[in-house]
């Protein structure tokens, strides 16, 4: 039996069979039967990433549920390993997982689905595809620009283009896109290979993408050109011959900075390190393979031209390059991706881990958004 997670008093855990072969490990706060908030984490995260906001949201009168998604944490029933049918991890299957979980919880609809990082496109796709069930959406850190257009045989653009990775490799300082690296067979073993162990990897990785790292000064990029996107930090546009563990090891904060960190304690880092030491990373990495292989685009082209019609909101960190890592996506989200956007917020003092770095600011934005939803 696994040891209990060190959760704030009032957050409970349970396993929920979602009717689709998964036993989903869920964190829960608030009373069942109240309006449901579904919180979807990103990579490399787990449901535990929502620990700072769950109880305050429940205090506003909601039933708050945060599952470990397919491939992550203590959820079981998914297929491990690299040599699997990737469609199990395609975007439509994550929507099916969410729908199955909601039904298993006995809810008829979700007042708001809220997703961070990889969870942001899952939340956006839920609201796009089943607006009758997911009545509002908040996407965090990863803008939702809508499904891709029908390509009519044209080569995919952006990071899904092999030509882009070739152009990055041809730069004077040879580079590669992190999603291509995460798609390789050796990526999981490489992530597990940080010279000081997984605890040090998570400490360095979270620091590198946070507002604490002084190099995070993001701004819009003019387009998909290798020299342009190579301006981003190495956690997105990596040096060609480096892995991610090596990349972030160079950015390890000092012992004094670690001791002074108010938002990511050593005990909290240990939770992530312990969970990923047990499960590995491949379950989460499969989604990057779905992107770079084109599977995700092919699935979502079914909804080309559609926008999220339910009320929506975006929350990101002002120091988060994730807001601009796909040139034009932040602008598309506010134009054609979300037809009923009620707010677009960049939180000062936060990088990529916005609800962990600045939970009070995130809670204030969420409270205002949730108050404005139709009852």
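In percent, what relative contact order does the chain have, based on Cα pairs under 8 Å that are 6 or more apart in sequence?
21 percent
Expressed as a whole percent, how much of the Cα-Cα distance distribution for the range 268-375 exceeds 17 Å?
So the portion of pairs separated by more than 17 Å is 69 percent.
Give the separation of the Cα centroids, the range 112-145 to the range 269-314, in Å.
Here the two parts' Cα centres lie 11 Å apart.
Run through all the Cα pairs of the range 158-286 and give the fraction in each 5 Å bin from 0, expressed as whole percent.
Taking all Cα pairs of the range 158-286, the binned fractions are 2, 10, 19, 21, 19, 15, 9, 5, 1 percent.
Give the shape of the chain as rounded, prolate or oblate, defined through the alpha-carbon gyration tensor: a ≥ b ≥ c are the square roots of its eigenvalues, a/c under 1.5 means rounded, and otherwise the shape is prolate if a/b is larger than b/c and oblate if not.
Here the chain falls in the rounded category.
Select from 283, 124, 343 the residue whose mean-square fluctuation is largest in a Gaussian network model of the chain (Cα-Cα springs shorter than 10 Å).
Maximum among the listed residues: 343.
Where does the chain land at 222 nm, in deg cm²/dmol rounded to the nearest 500, when only DSSP H runs of n ≥ 4 count, each adding -39500 (n - 2.57), divided by all residues?
Helix-only estimate at 222 nm: -9000 deg cm²/dmol.
Return, ordered by residue number, the residues of the range 108-123 whose backbone nitrogen is under 16 Å from a label point located 7 Å along Cα→Cβ of residue 14.
108
Given that compact globular proteins tend to follow 2.2 N^0.38 Å, what is the ratio of the alpha-carbon Rg of the range 201-270 to that value?
Relative to the 2.2 N^0.38 Å estimate, the range 201-270 comes out at 1.25.
Please compute the length gained on full extension between residue 132 and residue 239, using 0.36 nm multiplied by the number of residues separating them and subtracting their Cα-Cα distance. It would help to have the intermediate numbers written out before the result.
Details: separation 107, 0.36 × 107 = 38.52 nm, distance 4.46 nm.
The residue 132-residue 239 span can extend by a further 34.1 nm.
What residue among 134, 89, 264 shows peak mean-square fluctuation when the chain is described by a Gaussian network model with Cα springs under 10 Å?
264
What value does the range 16-163 have for Rg/Rh, both radii from Cα atoms and Rh as Kirkwood defines it?
0.99
Using a Gaussian network model of the chain whose springs link C-alpha atoms within less than 10 Å, name the residue from 161, 210, 49 with the highest mean-square fluctuation.
Fluctuation is largest for 161.
Roughly how many whole Å is it from the C-alpha centroid of the range 169-226 to that of the range 52-100?
Taking the Cα centre of each part, the range 169-226 and the range 52-100 sit 24 Å apart.
From a point 7 Å beyond the Cα of residue 173 in the direction of its Cβ, which residues of the range 205-238 have a backbone N at a distance under 12 Å?
230-235, 237-238
Values quoted throughout were computed directly from the atomic coordinates according to the rules given, and no laboratory measurement underlies them. Everything numeric in this text was worked out from a predicted model, so none of it was measured. Glycine also receives a Cβ, built like all others from the backbone with ideal geometry; neighbour counts cover every protein chain displayed.
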